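Q: Sharing a structure below in structure tokens format, with a few things to ask.
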Amino acid sequence: MKLWFTLFFALCYSSVTWATDLPNDTSLTQKMWQSLGNSEQEDISAQERGILGAALALKQNDPEKALQILSSSNAQNDPLASLLKAEAHRRAALKAVSSAGDYAKHSKLSTQQFAAIDLSDDLSEATVRLQAFADKVDGTEGFPFDILKTNNNIQSIFIVDKSRSRMFVYQRNTQGEFQRVADEYIVTGAKGGDKKTRGDARTPNGIYRFTAVRHDPALRAKYGPVVFPIDYPNMLDRYHGKTGDGIWMHGYPENKLRRPPQDTRGCFALPNPNLKKMEAYVTPKQSLVLIGNNFSFGDTEKQQVLLTSVQSSIKTWIQDWESLDSDAYLSHYHEKFRSGKYNLKRWRSYKKRVNARKSFIEVQLNDINIIHDPNTWQEGEIVMVEFSQKYRSSNYSDIGNKRLYLARDNANQTWKILIEESL
């Protein structure tokens with residue numbers, strides 16, 4: 001009997017907060033309940049439905065609902081269901097003892113005994129299954145559609161989805177494959193839409209990189225323990241006349257624990273404890289940051305079609321360049337093309353003059369990155385292509401890094417080079 005009371009009080013006082021690390025998205029939670037309540041979904045067994053429902057109820061700290069679901073489901077004999085039931089009883093008991101007031105102080109148990117009853121590790125499977133279900137319901141299951149091809153220099157990818165107020169983080173594992181390592185609630189600019197001008201309180205849309213990791217005591221009170229600047233404005237931003245700078249991933253002011261989804265001056269922010277975890281995934285200049293709305297995930301067939309179209313355009317561009325047929329080569333450039341001081345007219349004159357003095361050209365591309373921009377621009381759909389270029393001709397040789405922005409109005413058109421820059 002004494003042992004039973006010891007276990008009971010330990011369960012009551014243990015401060016486990018299991019399953020609260022999923023995105024705090026009310027609309028997503030509602031979708032999950034609706035999906036679980038739809039018995040026509042044959043891909044979810046009655047047993048799995050019970051486990052997911054109980055886990056979701058515990059996420060909302062409703063142990064009574066979790067117990068009700070488990071008692072009426074076919075999952076009662078499942079070991080994971082038994083653990084969920086124990087956790088639900090623990091939380092229900094905690095509520096009961098909390099309401100008992102001073103009576104609870106008579107417990108003789110030590111903090112070490114309370115901690116010994118922590119079920120968090122045992123319930124990690126339920127966390128994974130609940131997150132997978134959330135991804136499926138919300139359309140975020142699978143790899144980001146916009147990441148078409150990356151070289152080995154890219155170590156991590158941050159997807160900032162302003163419409164979902166969520167940030168998905170991917171990092172390479174030991175096999176060199178990207179795995180999702182974080183799914184965080186994120187706060188973005190107080191004004192909706194894409195950033196246009198300095199001080200407009202909007203978070204920019206586009207493809208960026210983190211440029212630094214800064215620990216500055218002078219920033220801590222307002223921006224948290226560490227800040228991560230991005231390279232806004234990039235060349236595509238400047239091409240479109242966008243202004244401003246100083247866009248960071250940062251934390252909350254020291255006196256704030258919660259913030260609404262749109263509450264910054266243009267940066268993107270997350271709670272300070274979660275921000276510190278991000279430092280393990282940020283490698284300056286090797287961490288991509290994609291910012292936009294309603295990102296797509298999965299759909300590998302459509303992704304492959306898109307990738308093939310870009311690769312084909314790049315291959316033909318190189319072939320026409322090497323052929324010394326200047327008209328064929330220049331046909332790959334957009335009518336609104338820019339490269340430094342050159343527009344298309346000046347570029348055409350320059351390239352024809354250069355090519356006329358050559359008897360051969362050889363171009364080799366390596367370390368290619370191909371990233372689809374999740375946003376629609378004035379010129380239509382855009383992809384960013386980066387590579388190391390080895391150039392050799394009859395009178396000149398060079399090795400350098402380049403970045404292209406290619407655009408097309410629709411999927412039936414070929415890609416045209418809108419911007420070309422040396423890095």
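The values are calculated or read from the model by the stated rules, or taken from the named source; none is laboratory data. Values in this document were obtained by computation on a predicted structure and should not be read as measured data. Cβ sites come from the backbone with ideal geometry, for glycine too, and all protein chains shown count toward neighbours.
Q: So which of THR283, THR316, THR308 ends up being closer than 22 Å to ILE154 by Cα, outside the structural domain of GLY199 (by TED's automatic domain parsing) and of a type in the set (Ser, Thr, Tyr)?
A: THR308
Q: OK, next. Scan the range 327-351 for residues that are touching a residue at least 60 places away in the same chain (Cβ under 8 Å) and under 20 Å from TYR391 (Cα atoms) and report the count.
A: Adding up the residues that qualify gives 4.
Q: Same structure, new question: Taking the condition of being free of Cβ contacts under 8 Å to residues at least 60 places away in the same chain and part of a helix (DSSP H, G or I), how many residues in the range 316-326 meet it?
A: Qualifying residue count for the region: 7.
Q: Taking into account only those residues within the range 376-385 that are in contact (Cβ under 8 Å) with a residue 60 or more places away in the chain and part of a strand (DSSP E or B), which is farthest from TYR239 (Cα to Cα)?
A: Once the filter is applied, the top-ranked residue is VAL385.
Q: Check off (1) surrounded by fewer than 17 Cβ atoms within 10 Å (Cβ to Cβ); (2) outside any loop (DSSP other than H, G, I, E, B); (3) aliphatic (A, V, I, L, M) for VAL310 and give me the number that stays unchecked.
A: The one condition VAL310 does not meet is (1).
Q: Among residues belonging to the range 169-219 that are touching a helix residue (DSSP H, G or I) at 6+ places or on another chain (Cβ under 9 Å) and basic (Lys, Arg), point out the one that is modelled with the lowest pLDDT.
A: ARG180
Q: Residue under question is GLY380, and the condition is that it be under 28 Å from the mean Cα position of the chain (by Cα) and on the phi > 0 side of the Ramachandran plot; does it hold?
A: yes
Q: In the range 204-240, what residues are without any contact (Cβ under 8 Å) to a residue 40 or more places away in the chain and surrounded by fewer than 16 Cβ atoms within 10 Å (Cβ to Cβ)?
A: ARG214, HIS215, ASP216, PRO217, ALA218, ALA221, LYS222, ARG238
Q: Name every residue in the range 237-275 that is of a type in the set (A, V, I, L, M, F, W, C) and either out of contact with any Asp or Glu (no Cβ under 8 Å at 6 or more places or on another chain) or not assigned by TED's automatic domain parsing to the domain that holds GLY189 (or both), in order of residue number.
A: Hits for the range 237-275 are ILE247, TRP248, MET249, LEU257, CYS267, PHE268, LEU275.
Q: Are any residues in the range 327-351 assigned to a helix (DSSP H, G or I) and either in contact with a His (Cβ under 9 Å, 6 or more places away or on another chain) or at pLDDT below 95 (or both), and if so, which ones?
A: The one that is assigned to a helix (DSSP H, G or I) and either in contact with a His (Cβ under 9 Å, 6 or more places away or on another chain) or at pLDDT below 95 (or both): LEU344.
Q: Any chance you could count how many residues in the range 182-236 are outside any loop (DSSP other than H, G, I, E, B) and of a type in the set (A, V, I, L, M, F, W, C)?
A: Matching residues across the range 182-236 total 12.
Q: I'd like to verify a number: residues in the range 313-334 that are in contact with a helix residue (DSSP H, G or I) (Cβ under 8 Å, 6 or more places away or on another chain) and surrounded by fewer than 17 Cβ atoms within 10 Å (Cβ to Cβ), how many?
A: Total satisfying the criteria: 4.
Q: May I pose another question? Taking ASN272, is it touching a residue at least 24 places away in the same chain (Cβ under 8 Å) and under 15 Å from the mean Cα position of the chain (by Cα)?
A: Considered against the rule, which asks whether it is touching a residue at least 24 places away in the same chain (Cβ under 8 Å) and under 15 Å from the mean Cα position of the chain (by Cα), ASN272 comes out as no.
Okay, residues lined up against (1) assigned to a strand (DSSP E or B); (2) assigned by TED's automatic domain parsing to the domain that holds LYS336; (3) more than 25 Å from the chain's Cα centre (by Cα); (4) modelled with pLDDT under 95:
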{"site": "LEU365", "(1), (2), (3), (4)": "yes, yes, yes, no"}
{"site": "ILE368", "(1), (2), (3), (4)": "yes, yes, no, no"}
{"site": "ILE371", "(1), (2), (3), (4)": "yes, yes, no, no"}
{"site": "GLN389", "(1), (2), (3), (4)": "yes, yes, yes, no"}
{"site": "ARG392", "(1), (2), (3), (4)": "yes, yes, yes, no"}
{"site": "ILE399", "(1), (2), (3), (4)": "yes, yes, yes, no"}
{"site": "ALA407", "(1), (2), (3), (4)": "yes, yes, no, no"}
{"site": "ASN412", "(1), (2), (3), (4)": "no, yes, yes, yes"}
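Q: Quick check: is even one residue across the range 296-308 acidic (Asp, Glu) and on the phi > 0 side of the Ramachandran plot?
A: Yes, the conditions are met somewhere in the range 296-308.
Q: Another question, if that's okay. I'd like the full set of residues that are part of a strand (DSSP E or B) and either of a type in the set (A, V, I, L, M, F, W, C) or free of Cβ contacts under 8 Å to residues at least 60 places away in the same chain (or both), limited to the range 278-307.
A: LEU288, VAL289, LEU290, ILE291, PHE297
Q: So, one more: With the range 1-113 as the region, which helices (runs of 4 or more DSSP H) entirely inside it contain at least 1 residues that are modelled with pLDDT under 55, surrounded by 15 or more Cβ atoms within 10 Å (Cβ to Cβ) and of a type in the set (Gly, Ala, Ser)?
A: The qualifying helices (runs of 4 or more DSSP H) are 2-13.
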